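Worksheet: one structure, shown below.
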2 protein chains.
Amino acid sequence: MGGDFGPRSIVQACIASLIATPSLHLTLVGQPSLLDELIASHSAVDRARLTITPASETIGMDEKPAAALRGKPDSSMRVALELLRDGKVQACVSAGNTGALMALSRHVLKTLPGIDRPAMVAAIPTQKGYCQLLDLGANVDCSAENLFQFAVMGSVAAEALGVARPRVALLNIGTEDIKGNQQVKLAATLLQGARGLNYIGFVEGDGLYRGEADVVVCDGFVGNILLKSSEGLATMIAMRIEALFKRSLASRLVGALALPLMRRLQADLAPARHNGASFLGLQGIVVKSHGSAGVEGFQSAIARAVIEIQENLPQRLHGRLEDLLP
Amino acid sequence: MGGDFGPRSIVQACIASLIATPSLHLTLVGQPSLLDELIASHSAVDRARLTITPASETIGMDEKPAAALRGKPDSSMRVALELLRDGKVQACVSAGNTGALMALSRHVLKTLPGIDRPAMVAAIPTQKGYCQLLDLGANVDCSAENLFQFAVMGSVAAEALGVARPRVALLNIGTEDIKGNQQVKLAATLLQGARGLNYIGFVEGDGLYRGEADVVVCDGFVGNILLKSSEGLATMIAMRIEALFKRSLASRLVGALALPLMRRLQADLAPARHNGASFLGLQGIVVKSHGSAGVEGFQSAIARAVIEIQENLPQRLHGRLEDLLP
């Protein structure tokens, strides 16, 4: 029921996903009459693969996580997570309030053994492909142990997405040992001692985009600022190019050819908006689609959930954590 | 003597600056024989406006600040700062080791009364012009009081650069009061109570590039990551567009027209590389040019120093701090 555009674009994305992925079954959680109506407006829906589970309440995009946790026992978000906890579905995808989704996920699903706090991860485009960046804002203050756990989770997630021996790095303001704050320096020591993890050291902000690592670890404050400033910069560059191309007839012709490329690039560079962010470290698969993602974005979030189901990500994480954590 | 390209490009930038600014006098600090030789290779130099002060030692780009502080009493950096302290020059511009320059500046010049730690600030391009972003890496861990002082300094610097009643914001992961870490929340309380400062609240990473504030304040860890990741992203976008334009003959024609625009944009988007960063809060004007800035970058850094001399920035800062600090 959430997201900036409400359930209409979500239903549309669900139907597109069912067509794209024949093995997929979806359960929509929310107000049955509204959802039924939205589904009915689409032709050729295989209703055997699309279930509706009623939930009478909705969590607002600006509601505080604590309020979502205490009140509203029948919110669509909570009911969806309970279906996941009870094994009735294999993953939960939401475009709703991020803070509420994280708080409810922790409460309903619980974290994996050895994990203090779940993290949010998304694939960020680099010169050489993608890197998994975490945490993206779930954890504002992080200890060295938190950062260590994020590194392990990010490494397993990158493997599940097809990267062999992912290069794991800590985001820092320099690459020398003496650089950075206490938490980062301590996390480096922990990671240097971790066998079975391909820890490569510190990476700087520009090194991230040069593709120096497959997994980049930071606290949620830094990760959120990096992600949102990157989205803002990509948008600004696209606008400036558009403006340049509009100045003269010749440049307008150039622009007509170049703009579709720029728009595509911009979508690539807003990865959380486009691809969705996974919550890692929970006893279950939860993918957060950006509130303003639109149809294509929510479809990408469902696709990521499907991969995580196929790769059995929480189980794999659990196994690696048992090996790596003290 | 510093910088990734050594004194050759610095001498070139100095000569270009002397031509561009008739009232300018420059003192080059370093090895006289080398500097004389470099100057001699340029014709039409007004030697009456270009002095050489000898310094026998050089601080390496990877040298630790503590070592630069304790050893090397006759380094070019230290001698230049001593000329500034003794009133023989009005500003110091360097392309050398940032950490060493900050440590030596604090030691030789001292901070202004009421300032615990100087900050590094640079002008970042936004959708609406520029914002002054600080700190960019001089202070890894910051208290709420540090952030408050940065806000005051940034505001005065923006005023000196021509912005009336600069809008001052704290960089955060959300705009609601409950968002952020303890330091940021506490700094917000301090800023809300500061009369004479146009504090507008929190700004997010994308809001910075939308131009929501004229001064954006954060700790040096976050600022450094934001700046370097922005440079990395701008470079990556430029490379991708270049690659797109090379794919076909038609797009190659488009590219021939669009690439100069893109390169210009890229220079705009690497502001610290391009414009230099000022150290604020010292009893003297110090501007740091990016190590790999090249001729144009070092010339911009000199130009910024000239503006700060004309605006009497340290004096103005001192006056405002007396009004605003408890």
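Each reported figure results from applying straightforward, stated rules to the coordinates on display, with no laboratory input. Keep in mind that what you see is a predicted model, and the values were worked out from it rather than measured. A quick note on method: Cβ atoms are made from the backbone with ideal geometry, for glycine too, and the neighbour counts reach across all protein chains shown.
Table for the structure above
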| quantity | calculated |
| --- | --- |
| GNM flexibility winner over chain B from B:Ser143, B:Ser41, B:Ser75 (Cα, springs under 10 Å) | B:Ser41 |
| Shielding of B:173-182 by partner chains, average beta-carbon count, 10 Å | 4 |
| With 5 Å bins from 0: P(r) over segment B:53-184, alpha-carbon pairs, percent | 2, 9, 16, 18, 17, 15, 11, 7, 4, 1, 0, 0 |
| Dipole magnitude (debye, nearest 20) for the protein assembly as shown, charges at Cβ of Lys, Arg, Asp, Glu | 1040 debye |
| Number of partner chain Cβ atoms within 10 Å, mean per residue of A:136-143 | 2 |
| Cα-based reach from B:Lys228 at 26 Å (exclusive), listing lysines while leaving out same-chain residues under 8 positions away | A:Lys128, A:Lys179, A:Lys185, A:Lys228, B:Lys64, B:Lys128, B:Lys179, B:Lys185, B:Lys288 |
| Zero-based 10 Å bins, Cα pair distances in segment B:88-165, whole percents | 15, 46, 34, 5, 0 |
| Across the identical copies, how the A:Arg165 labels are spaced - nm, sorted shortest first, 7 Å along Cα→Cβ | 6.1 |
| Sites A:Thr175 and A:Ala16, calculated FRET efficiency, Cβ-Cβ separation with R0 51 Å, nearest 0.05 | 0.70 |
| Distance from segment A:149-224 to segment B:74-132 (C-alpha centre basis), Å | 32 Å |
| FRET efficiency, 1/(1 + (r/R0)^6) with R0 56 Å, evaluated for B:Ala256 and A:Lys64 via beta carbons | 0.55 |
| GNM top mover of B:Leu101, B:Leu186, B:Leu282 - chain B, alpha-carbon springs below 10 Å | B:Leu186 |
| Three semi-axes of the equivalent ellipsoid, segment A:44-99, Cα gyration tensor, whole Å, largest first | 23, 13, 10 |
| Mean ellipticity per residue at 222 nm, deg cm²/dmol - from DSSP H runs of n ≥ 4 across chain B, formula -39500 (n - 2.57) | -16000 deg cm²/dmol |
| Within chain B: Cβ-based charge dipole about Cα centre, in debye rounded to nearest 20 (Lys, Arg +1; Asp, Glu -1) | 540 debye |
| Residue (of A:Gly281, A:Thr189, A:Ile59) at the positive-pole extreme of chain A, dipole from beta-carbon charges | A:Ile59 |
| Listed residues B:Gln183, B:Gln310, B:Gln31, most fluctuating in chain B (Gaussian network, C-alpha, under 10 Å) | B:Gln310 |
| Neighbourhood net charge (13 Å Cβ-Cβ; Lys/Arg +1, Asp/Glu -1) for A:Ile19 | 0 |
| Test item: B:217-224 mean partner chain Cβ contacts at 10 Å | 5 |
| In nm, spacing of pseudo-spin labels at B:His107 and B:Gln310 (7 Å Cα→C-beta vector) | 3.5 nm |
| Calculated from backbone phi, Karplus (6.51, -1.76, 1.60) coupling profile of segment B:97-111 in Hz, x at Gly/Pro | 3, 4, x, 5, 4, 5, 4, 5, 4, 4, 5, 7, 8, 6, 8 |
| FRET efficiency, B:Ala44 to A:Thr51 (Cβ-Cβ, R0 60 Å, nearest 0.05) | 0.15 |
| Among A:Ile124, B:Gln127, A:Ser43 the positive-end extreme of the charge dipole of the protein assembly as shown (Cβ point charges) | A:Ser43 |
| Protection proxy ranking, peptides A:48-58, B:217-227, B:88-98, average beta carbon neighbours within 10 Å, highest first | B:217-227, B:88-98, A:48-58 |
| Cα-based convex hull volume of chain B per residue, rounded to whole Å³ | 147 Å³ |
| Ratio of the Cα radius of gyration of the protein assembly as shown to 2.2 N^0.38 Å, where N counts its residues | 1.04 |
| Inter-copy spacing of B:Asp36 label points, which lie 7 Å from Cα along Cα→Cβ, given in nm from shortest upward | 9.6 |
